[in-house]
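Only one structure is covered here, and it is reproduced in the block below.
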Amino acid sequence: MSEITKLEPKLVWELFDAITRVPRPSKKEEKIREFLVDFAKKHNIDYQTDQTGNVVMRVPGTKGYENRPCVILQSHMDMVCEKNSDTAFDFDKDPIRTKIVDGWVKAEGTTLGADDGIGMAAALAALLDPALEHGPLEALFTVDEETGLTGAFGLGKGMLTGRYLVNLDSEDEGEIFIGCAGGVDTLAMFRYKTEAAPEGHVFFRVRVSDLSGGHSGDDIDKGRMNSNKLVARLLWNGAQRFGLRLSRFDGGNLRNAIPREAFAIFGVPAESAADVCERCRAFAVEIVEEFKYTEPDLRICLLYTSPSPRDRSVS
């Protein structure tokens, strides 16, 4: 068991710890669904599933509250699966490695999955806690919230009887929301022709890392840097000044996570190499100053991609 099981309320954190040990990428919720069904069977809780993969559990009201209105506690099974490039981790198999840092529960090199693992844990705890007085409860666990809400859209007929629903998927303590924003997916495609690397060019690899990242919904207003945009900004500058030729660009993993890392490989005329290094150094200074409050750990690194007698790095 992880050290987080010592936190209070103990039952919630014990359940959250158990949930972090179950792989649950979006559209791959089989293992967490099995976990929930086994939980219901173990504790003699009435449960139901639908063809979409959603699970609902039901418990009656406690003594004196049997006739109160039924309340639905809703959370989702899947999590955003993102990791640092230097972290060896398989989201289809490996348990999340949790730790406590400065009073916060965090994960080692990956997303934590508190969205919405902590909501699931809170709902399960409400079903079990003998000290909690409540009316009839229905705990609904939906699939695939992060990549399309297909679980909610495909909710089976007769899964719910309650009239009041509390969604346990908010990050703001002490606040209740009565609405939310929607989202739009855009797929853009373009064609280009590749060509051999031009003669007389040297090539560099620029890498941006150690950004804060975050959820593209809840954290989009916090002024955090998007690694893809930062690398693109550097490349655009280089294209205007030095005739930069792009070889490769890679960054970000998921559409609903602010990318923390990105890199590109590009070439410039050999006679411009020294100027490129100096410009990248100045660019790094500018960016560090611009984002010193929101990205204190930002790193920008520039390296030659092949051996050179003047091999240097800018960070």
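Going by alpha carbons, how many degrees (0 to 90, nearest 10) lie between the helix axis of 10-20 and the longest principal axis of the chain? So the inclination is approximately 50 degrees. Computed from point charges on the beta carbon alone (+1 for Lys and Arg, -1 for Asp and Glu), the dipole magnitude for the stretch 51-94 about its Cα centre is near 520 Debye. Sorting Arg260, Arg24 on solvent-accessible area from highest to lowest, probe radius 1.4 Å, gives Arg260, Arg24.
Computed about the Cα centre, the dipole magnitude for the chain is approximately 800 debye when only Lys and Arg (+1) and Asp and Glu (-1) carry charge, each at its Cβ.
Within the set (1) 16.1; (2) 20.3; (3) 18.0, the number that mean projected area of the Cα convex hull in nm² takes when calculated for this structure is listed as (2). In this structure Asp116 has an accessible area near 0 Å², from a 1.4 Å probe over the protein heavy atoms. Only helices enter the 222 nm calculation for the chain: every DSSP H run of n ≥ 4 contributes -39,500 (n - 2.57), and dividing by all residues gives -7500 deg cm²/dmol, rounded to 500. Computed from the alpha carbon atoms alone, the convex hull of the stretch 172-222 holds 131 Å³ per residue.
Residue farthest toward the positive end of the dipole of the stretch 1-150, with Cβ of Lys/Arg at +1 and Asp/Glu at -1: which of Met1, His43, Met120? Among Met1, His43, Met120, the one farthest towards the positive end of the dipole of the stretch 1-150 is His43. Here's the picture: a label point sits 7 Å out from the Cα of Thr194 along the beta-carbon direction, and within the stretch 222-256 the residues with their amide nitrogen under 13 Å of it are 247-249.
Calculate how many DSSP beta bridges within the chain are antiparallel, expressed in % of all such bridges and rounded to the nearest 5. Display every interim value, and only then the final one.
Numbers: 37 of 48 bridges.
Of all bridge pairs located within the chain, approximately 75 percent are antiparallel.
3J(HN,Hα) couplings calculated from phi for the stretch 230-243 with the Karplus curve 6.51 cos²θ - 1.76 cosθ + 1.60 (θ = phi - 60°) are, in sequence order, 5, 5, 4, 4, 5, 5, 4, 4, x, 5, 6, 8, 10, x Hz; Gly and Pro show x. Projecting the Cα atoms of Met225, Pro95, Val22 onto the dipole axis of the chain, where Lys and Arg carry +1 and Asp and Glu carry -1 at the beta carbon, places Met225 farthest toward the positive end. Summing +1 for each Lys or Arg and -1 for each Asp or Glu among the other residues whose beta-carbon sits under 13 angstrom from that of Ala197 gives 0. Sparse packing (at most 14 other Cβ atoms within 10 Å of the Cβ) combined with a DSSP loop state is found for the following GluC sites (Glu not before Pro) in the stretch 96-172: Glu108, Glu133, Glu171. Of the residues Leu298, Trp236, Leu160, the one whose Cα sits farthest toward the positive end of the charge dipole of the chain, with +1 on the Cβ of Lys and Arg and -1 on the Cβ of Asp and Glu, is Trp236.
The values are calculated or read from the model by the stated rules, or taken from the named source; none is laboratory data. Everything numeric in this text was worked out from a predicted model, so none of it was measured. Counting neighbours? That spans all protein chains shown, and the Cβs are built from the backbone with ideal geometry, glycine included. When the accessible area is computed, the model is the full protein with side chains, heavy atoms only, and any ligands, DNA or RNA have been set aside. Shrake-Rupley method; radii C 1.70, N 1.55, O 1.52, S 1.80 Å.
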